[in-house]
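Here, each number is a calculation from the coordinates, and none is a lab measurement. Computed from a predicted model, the values in this text were never measured in an experiment. Using ideal geometry, Cβ is built from the backbone for each residue, glycine included, and neighbour counts are taken over all protein chains shown.
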Amino acid sequence: MFYGAMVWDPWLIVSQIVCLQCLYYLALGLSMSLLVGTRVPRLTLLYFFDFATLTPRTPTGWCAIASFLLAAVAGAGFMLYVIERAKKCLDFAATLYIIHLFICIVYGGWPASVTWWVVNIAGLAIMALLGEYLCIRRELKEIPISRLRATVCQIANYIPHQFQF
């Protein structure tokens, strides 16, 4: 989608970061509404950015943990279309989680829960590794020669006869 020439383009990088961050929070919101929203009377930003909601002591906490991990899997899928390069997946996944850490610090203070750190580091690993795997599979996909051969033959038909060999 955003894949271009091999030049350093800061606007492309910023737009990829913003796009990936928005898609991640969209996936997190969808998974939170399905798993946590059915268990609580009102789903608020508290479940997204407060470290205290990620606890293995309650069933709602387990649903929140599952939501974060599902969003990481979805983020890997988004990387396949937004980033498109396996060597950039770790950089973009780490950037996403660093931005998430800063938002969490602004919203609820420094995350003091070990569970929050474990879930987010696991989410980072899932997103980076699965994103790299998916991108590598796409990069190693065979290029169909029959389509290339047909294109070359079509181009050859447009060459004037005096230039044909």
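Observations
- Assuming charge only on the beta carbon of Lys and Arg (+1) and of Asp and Glu (-1), the dipole of the stretch 40-155 about its Cα centre is about 340 debye to the nearest 20.
- Here the calculated FRET efficiency for Leu43 and Ala125, from their Cβ-Cβ distance with R0 = 30 Å, stands at 0.65, rounded to the nearest 0.05.
- Pairwise FRET efficiency - Leu30 versus Thr95, Cβ, R0 = 22 Å, nearest 0.05: 0.50
- Alpha-carbon centroid distance for the pair the stretch 61-83 / the stretch 112-142, whole angstrom: 9
- Between Trp8 and Ala52, full extension at 0.36 nm per residue minus the direct alpha carbon distance yields a gain of 11.9 nm.
- Sorted fewest first by neighbouring Cβ atoms within 10 angstrom, Trp110, Trp62, Trp116 come out as Trp110, Trp62, Trp116.
- Once the Cβ-Cβ distance of Lys141 and Lys88 is raised to the sixth power relative to R0 = 22 Å, the FRET efficiency obtained is 0.75.
- Footprinting exposure proxy ranking of Tyr107, Tyr81, fewest other C-beta atoms within 10 angstrom first, gives Tyr107, Tyr81.
- A Stokes-Einstein calculation at 37 °C with viscosity 0.692 mPa s, built on the Kirkwood radius of the stretch 10-163 over Cα pairs, returns a diffusion coefficient of 187 µm²/s.
- Ordering Val18, Val119 from the fewest to the most neighbouring beta carbons within 10 Å gives Val18, Val119.
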